[in-house]
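Just below is one structure, and these are the notes that go with it.
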Amino acid sequence: MAKTTTTKGLYQKLIKQTLIDNHVKIMAFKGNNKFAKKYSHVYITIDAHDYSMWVYLNDLETPLENFHFGFTLDYARLMDMIETDLFNVSHGVETQYFEFRMYY
């Protein structure tokens with residue numbers, strides 16, 4: 001039987017791929033939104049052309065490999081915030097939700 005991918009799984013892949021495609025090395029949360037209250041930063045590592053995403057929570061030393069939300073809408077909202085701030089960075093506008101450090 002074929003493996004099915006959940007919507008949450010698709011969003012997890014999309015978030016990771018968006019960060020990789022935009023050369024993001026570190027995405028640090030800023031502000032006082034619900035995501036920034038829980039998450040510290042995301043770190044993308046490259047090892048022989050294989051990318052890993054590590055998600056750091058504010059109150060946990062060991063990172064997670066993905067975001068874990070109860071609702072699909074949380075993934076959609078996070079994706080919107082990431083794309084909005086990446087757009088802002090590319091146009092020289094101050095970001096609202098994240099500070100990015102890029103691979104260059």
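We did not get these values from a lab; they are worked out from the coordinates using the rules stated. Keep in mind that what you see is a predicted model, and the values were worked out from it rather than measured. A quick note on method: Cβ atoms are made from the backbone with ideal geometry, for glycine too, and the neighbour counts reach across all protein chains shown.
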Candidate lysines for bridging to Lys13, where Cα separation is under 19 Å - those fewer than 8 sequence places away on the same chain excluded: Lys3, Lys25
Given +1 on the Cβ of Lys and Arg, -1 on the Cβ of Asp and Glu, and no further charges, what dipole in debye does the chain carry about its Cα centre, rounded to the nearest 20? 260
